[in-house]
Amino acid sequence: ATTLGASAAQSGRYFGAAVAAAKLSDSTYVSILDREFSMVTPENEMKMDATEPSQGQFNYTNADRIVNHALGAGMRMRGHTLAWYQQQPGWMQSMEGSALRQALINHITQVAGHYSGKIYAWDVVNEAFADGGSGGRRDSNLQRTGNDWIEVAFRTARAADPVAKLCYNDYNIEDWSAAKTQGVYRMVQDFKSRGVPIDCVGFQSHFGSGGPPSSFQTTLTNFAALGVDVQLTELDIAQASSSAYAATTRACVNVPRCTGITTWGIRDTDSWRSGENPLLFDGNGNKKAAYNGVLDAL
Ligand code: XIL
């Protein structure tokens, strides 16, 4: 096949991109999106500060623009994200305890309910584990409401949208030997053993120029063995070498339950790491060498 989406589809997978609503008026951007990709993640528009800027006042304008474009063009949607320690609205940043717990439950109920039936997978909880060697939870206002806040989030999301796959999403969990990876693995193992509704784990895959750690495929295999799908959800690689992108793609393709790959943007100029030219298309929208590395590995 001659596009990322069609090549991924040959093995039942998707190939996605993070999309910004403001760029939907850029014809070069939209033409690449519609030609190459089969899954869309809103880059910022479904985050808590965007969807609930004032408590109890929900704003879906920009997220709906992305959803309507994606579904109208035959693409699927990944929701990102219902609960995160960053990009919280100001009113939430200063909340704690049972009031914050209730506000989180209401937020998830409203947002997942609004998009019910339109979402392939939700990043229910993003980046809840600490960096470094502890393997434990990251401190945050959400974590301080009680260690069960993550399972409450997943159960609430399931009630609001019984169809979407519910995912935990994080970065620096690609290396099997990392304490953070082990911490997330134990949480997923615990959730599966107790019937907490979790369907998938998203590996952000923000890599340096060397690409993925050598254990990445092992990590994906081991998580999949717990009974969850795995996805590469925010892929970008400093300097975007073709070999690093090909190795990353192969790690997913070699794991049956790795259901798709999403790059965090389309052109280098769209990237949150634009100084590192980490994506598959250059600023003019031309395919880079890494594009062919991915296409050949799919
Ligand atoms: C980033 C966006 O790309 C930026 O536009 C925004 O300013 C900050 O957030 N992990 C995530 C994403 O889960 O939501 C982040 O996206 C990148 C890191």
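Structural remarks
- Test: residue in segment 280-291 that is at pLDDT 95 or above, open to solvent by 30 Å² or more (accessible area, probe 1.4 Å) and in a strand (DSSP E or B): yes
- Answer from Val184, Val188 - the residue that is touching a Phe, Trp or Tyr at 6+ places or on another chain (Cβ under 8 Å), within 16 Å of the ligand (Cβ to nearest atom), closer than 20 Å to Leu166 by Cα and aliphatic (A, V, I, L, M): Val184
- When the helices (runs of 4 or more DSSP H) confined to segment 1-88 are screened for residues that are out of contact with any Cys (no Cβ under 9 Å at 6 or more places or on another chain) and within 16 Å of the ligand (Cβ to nearest atom), those reaching at least 3 such residues are found at 48-51, 61-72.
- Filter result for Thr233 (within 16 Å of the ligand (Cβ to nearest atom) and surrounded by 22 or more Cβ atoms within 10 Å (Cβ to Cβ)): yes
- Criterion violated by Thr218 - all others in (1) under 25 Å from Gln189 (Cβ atoms); (2) open to solvent by less than 30 Å² (accessible area, probe 1.4 Å); (3) β-branched (Val, Ile, Thr) satisfied: (2)
- Enumeration of residues in segment 33-63 that are more than 20 Å from the chain's Cα centre (by Cα) and under 23 Å from Leu235 (Cα atoms): Arg35
- Residue check: Asp123 meets all listed conditions (1) assigned to a loop (DSSP other than H, G, I, E, B); (2) of a type in the set (Asp, Glu); (3) within 30 Å of Gly74 (Cβ to Cβ) but one, namely (1).
- Pairs are defined by a Cβ separation below 6 Å, a sequence spacing of at least 6 or placement on different chains, a first member in segment 183-205 that is over 15 Å from Thr81 (Cβ atoms), and a second member that is part of a helix (DSSP H, G or I) and open to solvent by less than 20 Å² (accessible area, probe 1.4 Å); the pairs so defined are Val196/Phe154; Pro197/Phe154.
- For segment 174-198, residues that are touching a Gly at 6+ places or on another chain (Cβ under 9 Å) and among the charged types (D, E, K, R) total 3.
- Single residue of segment 193-225 satisfying the filter (within 16 Å of the ligand (Cβ to nearest atom) and not polar (S, T, N, Q)) that is farthest from Gly16 (Cα to Cα): Gly208
- Cross-chain or 6+ apart pairs with Cβ under 7 Å, segment 135-148 first and within 23 Å of Glu174 (Cβ to Cβ), then of a type in the set (Phe, Trp, Tyr) and in a loop (DSSP other than H, G, I, E, B): Arg138/Tyr85; Ser140/Tyr85
- Residue tally, condition touching a Lys or Arg at 6+ places or on another chain (Cβ under 8 Å) and farther than 20 Å from His80 by Cβ, over segment 206-222: 1
The values are calculated or read from the model by the stated rules, or taken from the named source; none is laboratory data. Treat the numbers as computed from the prediction; the structure is a model and nothing was measured. So basically every Cβ, Gly included, is an ideal-geometry build from the backbone, and we count neighbours across all protein chains shown. Please note that ligands, DNA and RNA were not included when accessible areas were found on the heavy atoms of the full protein model with its side chains. Shrake-Rupley method; radii C 1.70, N 1.55, O 1.52, S 1.80 Å.
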